[in-house]
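Note sheet for the following structure.
Taken together, the values in this text are just the output of simple stated rules run on the coordinates, not laboratory data. Since the model is a prediction, treat every value here as computed from it, not as a measurement. Virtual Cβ from ideal backbone geometry, glycine too; neighbours counted across all protein chains shown.
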Amino acid sequence: MKMNKYILAGLAAAAMIVPVSCSKDFLKEELTTSRNTDYFTTNEGLDQLVVGLYSYLRYYHCSEAGYSFLNYGTDEYSVGADNSNGMWNDYGASLTPTGGYVNSNTVNAGSFWDYMYTGINTANTMIARIEDGTYTGANATINGGVAHFIRGFHYFNLLTQFGGVPIKTEPSTGVSFEFERASKSAVFDQVEADLTAAFNSLPDTPSKQGEITKSAAAHFLAKAYLWRASEQNDDWNSATKSADLDKVITNANYVITRHPLAKNFVDIWDYTTPDGPNEQLDEIVLAAQMTGPTTATWNVGGALYFYTTSQYRDLPGMFRDVPGGREYNRLRTTTYSIYQYDLLNDSRVWKTFRTKMTMNNVKGAASLGYTAGEDLGLMYIFNQPGDGDRFGDIVRYNDATENADEEAVKKAKERGETLPAPRIKELDNNSPVGTTFVFFPKGTVREDAPMDQVANNDGRKYFPMNTKYVDGSRESIADSHCFRDGIIARSAEDYFFLAEAQLRKGDYAAATETLNIIRARAAWKAGEDREEHRDGGQSWDGVTGAQAEGISSYCDRSSYYESNDLPIGSLDEFASDLEITGTINNVDDLPEEDQWIVKKLGVSGDKDVALCFLLNEKSREMSLELVRWVDLARTKTLVSRAKAFNPEAAENIKDHHLLRPIPQQFLNVLQKDGKGLTNDEKQALQNPGY
């Protein structure tokens with residue numbers, strides 16, 4: 001794929017709406033009809049072009065660029081056993097303008113850049129045809145709003161990743177080689193103009209599921225104003241900061257009043273069928289549609305599920321199956337991701353992470369003396385540091401010693417110890433457990449983070465997976481396309497926009513009150529089953545796969561009680577309380593886990609302490625929802641948090657990594673006065689540090 005085919009050359013609009021594959025060839029385009037660009041001078045063709053615009057919303061959920069650019073290299077997630085895109089996490093020598101290459105799954109800055117400008121050019125075509133009167137359809141106003149939204153959305157994505165970039169607002173009609181990098185301020189102005197135009201043109205309520213509305217524009221306006229008001233832009237935002245924070249509050253409140261939070265946090269992720277109840281909640285502001293009239297005939301589907309799946313098929317009594325997922329094993333959960341929660345009182349950790357799986361290998365389970373579909377094959381224990389006496393001093397335990405990790409058994413025997421499977425059975429209400437991973441074995445403290453140790457193979461292959469994208473409704477084990485929608489914006493994030501604007505204005509009491517709304521939902525309710533876990537694995541229909549019919553690895557239980565060392569069901573009748581009773585700028589008013597993080601990061605001062613708490617709380621609420629890297633980069637907390645909580649990123653990350661490298665293939669084809677740029681001229685256009 002040549003860069004000049006996208007931003008520098010004329011781009012046929014027909015290529016914008018052809019089927020898109022979410023495999024490793026995601027960006028490969030195929031002309032499937034004989035239509036040419038003349039089709040996009042007709043109302044019918046331009047109506048189809050709008051359908052094509054919606055397809056650009058799927059990029060982050062369908063490709064490896066989503067997690068690479070938006071979640072790798074942060075405090076939340078690190079690299080699992082597959083290092084295909086590890087350069088985006090470890091910030092090592094391969095993170096260059098030309099891009100590193102591990103295998104065909106590797107994405108580089110150029111592929112991201114290409115896709116953003118492809119979407120921008122498609123939007124330019126639609127906007128131009130409306131403005132010059134070519135499009136006379138009844139939906140001109142709304143379609144123009146969609147095009148402005150997509151263009152503003154894409155420019156905002158470029159801005160937050162690269163800083164200033166070339167601005168192009170006319171559709172490509174021929175080959176051009178001369179472009180200049182606009183300033184960050186100029187690109188922001190374009191984002192603001194497009195999203196404002198979108199807000200003024202889009203409907204207030206959708207006529208069908210997935211339609212872009214005013215609320216989506218307001219959500220990203222709030223996000224954009226907050227970006228400009230953040231620390232990354234302190235060298236040029238002083239004149240606009242106060243007004244921007246007021247605009248954040250206005251736009252966030254617009255969304256909040258129209259999109260009430262779901263009653264229970266798990267309702268958002270309780271996926272049972274494509275286009276089911278969880279995908280129609282009012283809290284969802286915008287989602288990439290993976291099924292429906294705009295996608296049903298296309299080879300599309302979300303893929304984040306597989307990238308976040310940890311290893312399980314090689315454990316005793318286990319088999320790969322549809323609910324368990326294909327273990328692409330790209331993103332590994334860090335210790336921070338788990339231990340930022342109040343593990344006793346915050347329901348979100350147990351509703352976000354899968355901590356139990358059922359044995360599903362019929363023959364394998366029987367050979368161990370267990371029953372497939374009934375006995376546990378896998379459990380993760382989120383115990384506290386210093387709590388290892390219940391287990392021993394190794395991370396991984398297998399119930400049957402003959403199938404246990406050989407090195408772990410050897411070390412245990414050398415110490416004259418036996419593996420503590422009987423105690424684990426007792427904790428699990430006498431149900432056998434095949435393999436158990438303990439976060440803090442005997443003799444470890446929080447700073448040791450045993451599950452984070454990259455030299456420990458178990459720490460890379462095995463980890464509690466985030467289940468927000470799990471989809472058991474796939475047709476087969478080998479099927480890599482999921483049908484559940486990819487949430488791009490939900491109103492919970494607007495509460496964080498609002499709270500951050502409030503704390504930046506110095507109103508810590510208001511910010512605390514706003515965040516307490518989020519925490520109130522996160523607390524356990526009286527009568528709630530604290531052991532219950534629901535995720536998209538339940539959407540499996542029981543058809544025969546590699547496992548026996550009706551038997552799967554899906555388990556609707558969590559290790560809540562085992563982890564907290566409490567009798568099963570002992571707290572179900574009680575409500576928990578997560579309210580911050582003081583204010584979030586006062587360290588002594590914060591929960592214990594946040595006090596530890598504040599101390600670990602060395603944070604001080606009212607604003608920085610409050611912002612530290614907000615970033616923790618946002619991670620607890622929105623873990624892996626593809627917002628983390630931008631949040632940490634704009635607040636200039638990326639380096640300190642990666643160093644503190646991401647052992648693979650800690651060694652290499654530097655301040656210049658707050659921006660990505662401008663793709664070299666773009667710089668190589670640029671011209672000035674009809675001549676290619678010199679190396680010095682190319683370097684002058686490159687971001688510092690690359």
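At 0.36 nm per residue, minus the direct Cα-Cα distance, what do Ser476 and Asn253 gain on full extension? Give it in nm, one decimal, please.
76.0 nm
How far apart, in nanometres, would the label points at Ala193 and Glu532 be if each is projected 7 angstrom from Cα along the Cα-to-Cβ direction?
Modelled inter-label distance: 5.2 nm.
Going by alpha carbons, how many degrees (0 to 90, nearest 10) lie between the helix axis of 43-55 and the longest principal axis of the chain?
Value to nearest ten degrees: 30.
What is the spin-label model distance, in nm, from Asp541 to Glu681 if the labels are put 7 Å beyond Cα along the C-beta direction?
Distance between label points: 6.0 nm.
Points 7 angstrom from Cα along the Cβ direction at Gln671 and Glu178: gap in nanometres?
Each label point lies 7 Å from its Cα, and together they span 0.9 nm.
Viscosity 0.890 mPa s, temperature 25 °C: Stokes-Einstein D of the chain from its Kirkwood Cα radius, in µm² per second? It would help to have the intermediate numbers written out before the result.
Numbers: Rh = 26.1 Å.
Reported coefficient: 94 µm²/s.
Which of the chymotrypsin sites (Phe, Trp or Tyr not before Pro) across region 188-240 are loop residues per DSSP, with 15 or fewer other Cβ within 10 Å?
Trp236
With runs of 4+ DSSP H residues as the only contributors, calculate the mean residue ellipticity of the chain at 222 nm using -39,500 (n - 2.57) per run, divided by the residue total and rounded to the nearest 500.
The helix contribution divided over the chain gives -11000 deg cm²/dmol.
If you rank Arg660, Arg641 by fewest surrounding Cβ atoms within 10 Å, what's the result?
So the ranking, lowest neighbour count to highest, is Arg660, Arg641.
Rank these for me by crowding, Glu681, Glu617, going from fewest to most other beta carbons within 10 Å.
With the fewest neighbours first, Glu681, Glu617 line up as Glu681, Glu617.
May I ask which of Lys247/Lys654; Lys461/Lys618; Lys505/Lys525; Lys363/Lys442; Lys505/Lys682 have a Cα-Cα span longer than 30 Å here?
Pairs exceeding 30 Å: Lys247/Lys654; Lys505/Lys525; Lys363/Lys442; Lys505/Lys682.
Output the 0 to 90 degree angle, nearest 10, between the alpha-carbon long axis of helix 184-201 and the longest principal axis computed from the alpha carbons of the chain.
Tilt of helix 184-201: around 90 degrees.
Using mean Cβ contacts within 10 Å as the protection proxy, how do 340-349, 206-215 order, highest first? Provide the component values of the computation, followed by the final result.
On the way: 340-349: 21.0, 206-215: 18.0.
Per-residue Cβ counts within 10 Å, averaged per peptide and sorted highest first, yield 340-349, 206-215.
Rounded, prolate or oblate, given the Cα gyration tensor of region 124-237, with a/c below 1.5 counting as rounded?
The shape class here is oblate.
In percent, how large is the relative contact order of the chain, given Cα pairs closer than 8 Å and 6 or more residues apart?
In percent, rounded to a whole number, it is 19.
Take the Cα atoms of region 453-504, find their three principal axes, and give me the spread along each one in whole Å, biggest first.
Principal-axis extents of the Cα atoms in region 453-504, largest first: 46, 36, 12 Å.
How would region 454-579 be classified by its alpha-carbon gyration tensor: rounded, prolate or oblate, with rounded meaning a/c under 1.5 and the a/b versus b/c comparison settling the rest?
prolate
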